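Let me begin by presenting the structure, written as structure tokens, before commenting on it.
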Amino acid sequence: MEDERSFSDICGGRLALQRRYYSPSCREFCLSCPRLSLRSLTAVTCTVWLAAYGLFTLCENSMILSAAIFITLLGLLGYLHFVKIDQETLLIIDSLGIQMTSSYASGKESTTFIEMGKVKDIVINEAIYMQKVIYYLCILLKDPVEPHRISQVVPVFQSAKPRLDCLIEVYRSCQEILAHQKATSTSP
Amino acid sequence: MVLKAFFPTCCVSVDSGLLVGRWVPEHSSAVVLAVLHFPFIPIQVKQLLAQVRQASQVGVAVLGTWCHCRQEPEESLGRFLEGLGAVFPHEPWLQLCRERGGTFWSCEVTHRQAPAAPSAPGEDQVMLIFYDQRQVLLSQLHPPTVLPDRQAGATPASTGGLAVVFDTVARSEVLFRSDRFDEGPVRLSHWQSEGVEASILVELARRASGPVCLLLASLLSLVSAIGACRVFRLWPLSFLGSKLSTCEQLRHRLEHLTLIFSTRKAENSAQLMRKANTVASVLLDVALGLTLLSWLHGRSRIGHLADALVPVADHVAEELQHLLQWLMGAPAGLKMNRALDQVLGRFFLYHIHLWISYIHLMSPFVEHILWHVGLSACLGLTVALSLLSDIIALLTFHIYCFYVYGARLYCLKIHGLSSLWRLFRGKKWNVLRQRVDSCSYDLDQLFIGTLLFTILLFLLPTTALYYLVFTLLRLLVVAVQGLIHLLVDLINSLPLYSLGLRLCRPYRLADKPTALQPRDAHLPSPQLWLPPQGLLGCPVPQAVLWGAHLPLEAERGQAGLREPAAGLPRTTAQPRPALCQGGASSAGARPVLCGRCCMLPNTAGPAITPWAWRSLGVSRCGGGQPSWPRSITGTACLETRFPPAAVTTVASTAAPGVQSTAPCPPCVPRSRGPGP
């Protein structure tokens, strides 16, 4: 069962949340971030090239211009490969674990998997981010030495940064699955 | 609970047969290790499984059937497959079926007995998880060893189902020895059937390595026996051996080579990593050394070097003479005491003159010496660098002498001044009680004491200036030597093999090393700690007061001896904290760090030997817990830095070989409840 809705992130950009409901014990949430806008790309390229041209008029060395072109190209490739995240996915499978995937604009994917045994809870936390107070969803991990302590807080959807309404949707579904998992694990 | 079936990706398109694997009831997971093909004789299958069970201590059994056929199985085949459940009784009985060329899978679970507690009929779902058998086999994600302070019965909560899967696959190597291409009674399909080819060269090398290791180990033991004989323990040779860093480095290398060629097999992965890292470091060292050798001996560079050496030494001596002339005048506008200035200046100038003559005496032999030193580079770049450092030490011996004279003079002066200052105030140092007591002096004692005090006080600036200048020079030389030692240490202890594995085969290094596992609260957490730099490890007044009549290396050692064994490092400038106290004696001992300093997972590489730190007075205590890379698949972003930072984050582990498949369109598990 698939379901798509659009939300907005903390800066006002449009996000698309796709929810896939595979079974009562398995759900997937997919947040798509806004693509790289042509306006910002043009702005950055123009700034770099104008600066290079300024340097060129000072130094009279044409290598600066070719260097500026290379820098722009390499910078764009590096940005697409290492920085710009297109889509973030959260897959919860009851009794197995939680998997978070980030796919970059160049097609690279990076995955993190957390076993269900390590997950204590999923909560929505507040944080001070620059001059704002934002909400973020995070996974609390158990401490292996002492089960009542929290050893780590893993934030989810870090680059998409959706607002509270989107987070509440995801939070509710995750809590259903966690409750289901706790019920089945405690029953014999 | 949902039944999880772990299925290897290599068996996805094999012929029909039986599923062989292990059932883990606590996590309700079935780990399929291999597929056993038709036709088979049940007795032989049972025998094989019993053998595997005994050899690997893993409870392998027949878990169910696997059907890969053209169309939907007919009724008779279905009954035959269910009938097999009677031959190999297993609870629950798993039936996986896949259409040849199609994308639909069907998974059925049959329970023979009624379940103990009545569960809702819709509960019995099957989750099919594909795993890459070879990667899971090679990665090290196993259940962690039980911490020593826990009771034996307490099961750690963190032993999740995945760790058991990894452990099962890793321990079942015995099962993977026979393959469907072998001429045996049973034909199995597993990761070996994918055609993992072995190279004949590797096989030959493996066979030959046994005797070669034996031979080399005996040679090395002979060499170390010679080195340990009593001649070298007598005074001149032992002193030289402890002072020269070349001997130290050679000893180190000998240890490494003994480790590599030892005939004992590595017991666990940490030791294997250590061996591999040592091999990589030795190979790199020798390669760099041979490059240096070829560069030095080509185009008569040694000749040029030898020709340039004596003029350089002359030039240095001339500069020193200029410096002394400047000090004898009015340096930086300060007014010196003329007489003392002249005395000290001439004394040092005479030394320089002696030194120049010594250098000129040696000049015909320099080229030969350099040629032989260049030859030593074939033993490794580290040996050549240690030799270079020793040569620098020998060439700048006069600077060392000047420093010692200046320091002694200064120390004497300070001692004298402090004692006479006490006399001036009418006090005395009580040696018995180790405190300052008042004392009544006679008039003539007071008179002479005050006179001497005044003289010493007014001569203080001159001595202090000489001391300062020569200490700075000595610091310069020590800094250069320290850099060379740093480079040597880097080559010695960089874990290249682990680095390479991390870049190329990250799944083999998936777990944290045991040293970085979470520890109890009362143990101090390891951290990198750099004490504030006093002069050469001790602040100046302390260095002077605490027996500055000893040469400076032993001084620091003495300071280390006086310090009580503290649990935590103090923030004042102490030479080295007790946690990593390798020994308080002089240059012979070096603080040896445990493997905590190594950044990369599963590296228990060679211990870092910070010679440079020793000579500069900086010490390292334990290692920091690195900030762990968050995802190990895909982006192997190396967030770990060298040296370690003091941030403590324990990141989640990724399961590199496991791809959890949600029921996406290709595989739709159709589960059935308990059979009729």
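Okay, residues lined up against (1) in contact with a strand residue (DSSP E or B) (Cβ under 8 Å, 6 or more places away or on another chain); (2) in a strand (DSSP E or B):
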site: B:A55; (1), (2): no, no
site: B:V58; (1), (2): yes, no
site: B:G64; (1), (2): yes, yes
site: B:L81; (1), (2): yes, no
site: B:H90; (1), (2): yes, no
site: B:R98; (1), (2): yes, yes
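Within segment B:175-182, identify whether any single residue is touching a residue at least 60 places away in the same chain (Cβ under 8 Å), aliphatic (A, V, I, L, M), closer than 30 Å to B:G17 by Cβ and surrounded by 15 or more Cβ atoms within 10 Å (Cβ to Cβ), and answer yes or no.
Yes, some residue in segment B:175-182 is touching a residue at least 60 places away in the same chain (Cβ under 8 Å), aliphatic (A, V, I, L, M), closer than 30 Å to B:G17 by Cβ and surrounded by 15 or more Cβ atoms within 10 Å (Cβ to Cβ).
Can you say whether B:S193 is modelled with pLDDT under 80, part of a helix (DSSP H, G or I) and either surrounded by 12 or more Cβ atoms within 10 Å (Cβ to Cβ) or on the phi > 0 side of the Ramachandran plot (or both), as far as the supplied structure shows?
So B:S193 fits the description; yes.
Just one of the numbered conditions (1) under 26 Å from A:Y136 (Cα atoms); (2) in contact with a helix residue (DSSP H, G or I) (Cβ under 7 Å, 6 or more places away or on another chain); (3) hydrophobic (A, V, I, L, M, F, W, C) is not true of A:L65; which one?
The one condition A:L65 does not meet is (1).
Would you say A:I134 is more than 17 Å from A:Y21 (Cα to Cα), assigned to a strand (DSSP E or B), at pLDDT below 95 and facing chain B (nearest Cβ under 7 Å)?
The answer is no for A:I134.
Answer yes or no as to whether A:A179 is in a helix (DSSP H, G or I) and within 12 Å of chain B (Cβ to nearest Cβ).
no
Quick one: in segment B:78-119, which of the residues that are of a type in the set (K, R) and more than 52 Å from the chain's Cα centre (by Cα) is modelled with the lowest pLDDT?
Applying the filter and picking the extreme gives B:R112.
Checking A:S32 against (1) touching a residue at least 24 places away in the same chain (Cβ under 8 Å); (2) within 14 Å of another protein chain (Cβ to nearest Cβ), only one condition comes out false. Which one?
Every condition holds for A:S32 apart from (2).
Please pick out the residue among A:S173, A:S185, A:S159 that is in contact with a Lys or Arg (Cβ under 6 Å, 6 or more places away or on another chain), closer than 28 Å to A:M1 by Cα and either in a helix (DSSP H, G or I) or not aromatic (F, W, Y) (or both).
Unique residue meeting the criteria: A:S173.
Please work out if A:Y53 is surrounded by fewer than 15 Cβ atoms within 10 Å (Cβ to Cβ) and within 14 Å of another protein chain (Cβ to nearest Cβ).
So A:Y53 fails the test.
Given the conditions (1) within 14 Å of chain B (Cβ to nearest Cβ); (2) at pLDDT below 90, report the number of the one that A:L140 does not fulfil.
Condition not satisfied by A:L140: (2).
Could you tell me how many of the residues in segment A:133-168 are among the acidic types (D, E), surrounded by fewer than 17 Cβ atoms within 10 Å (Cβ to Cβ) and in contact with a strand residue (DSSP E or B) (Cβ under 9 Å, 6 or more places away or on another chain)?
The total comes to 1.
Of the numbered conditions (1) buried (at least 16 other Cβ atoms within 10 Å of the Cβ); (2) charged (D, E, K, R); (3) under 24 Å from B:E173 (Cα atoms), B:R98 fails exactly one; give the number of that condition.
Only one criterion is unmet by B:R98, namely (3).
Within segment A:94-131, can you find the residues that are more than 7 Å from every other protein chain (Cβ to nearest Cβ), surrounded by fewer than 21 Cβ atoms within 10 Å (Cβ to Cβ) and among the hydroxyl-bearing types (S, T, Y)?
A:T101, A:S103, A:Y104, A:S106, A:Y129
Can you find even one residue in segment B:293-307 that is buried (at least 17 other Cβ atoms within 10 Å of the Cβ) and under 29 Å from B:L496 (Cα atoms)?
yes
Which residue pairs have Cβ atoms under 9 Å apart, sit 6 or more places apart or on different chains, and have a first residue in segment A:118-131 that is more than 30 Å from B:L162 (Cβ to Cβ) and a second that is of a type in the set (A, V, I, L, M, F, W, C)?
Pairs found: A:E126/A:V133; A:E126/A:I134; A:A127/A:V133; A:A127/A:I134; A:I128/A:I134; A:Y129/A:I10.
I'd like the full set of residues that are of a type outside the set (V, I, T) and surrounded by 13 or more Cβ atoms within 10 Å (Cβ to Cβ), limited to segment A:63-77.
A:L65, A:A67, A:A68, A:G75, A:L76
Within segment B:327-360, track down each residue that is surrounded by fewer than 17 Cβ atoms within 10 Å (Cβ to Cβ) and among the charged types (D, E, K, R).
B:K335, B:R338, B:R346
Looking only at segment B:448-457, decide whether some residue is touching a residue at least 40 places away in the same chain (Cβ under 8 Å), under 30 Å from B:A384 (Cβ atoms) and either assigned to a helix (DSSP H, G or I) or of a type in the set (F, W, Y) (or both).
No, segment B:448-457 contains no residue that is touching a residue at least 40 places away in the same chain (Cβ under 8 Å), under 30 Å from B:A384 (Cβ atoms) and either assigned to a helix (DSSP H, G or I) or of a type in the set (F, W, Y) (or both).
From the residues in segment B:488-510 that are in contact with a Leu (Cβ under 6 Å, 6 or more places away or on another chain) and of a type in the set (A, V, I, L, M), which one is surrounded by the most Cβ atoms within 10 Å (Cβ to Cβ)?
This residue is B:V488.
Suppose we filter segment B:52-92 for residues that are of a type in the set (S, T, N, Q) and loosely packed, with under 12 Cβ neighbours inside 10 Å; how many remain?
The total comes to 4.
The values are calculated or read from the model by the stated rules, or taken from the named source; none is laboratory data. As the structure is a computational prediction, the values presented were derived from the model and not from experiment. Ideal geometry is used to build each Cβ from the backbone, glycine not excepted, and the neighbour counts take in all protein chains shown.
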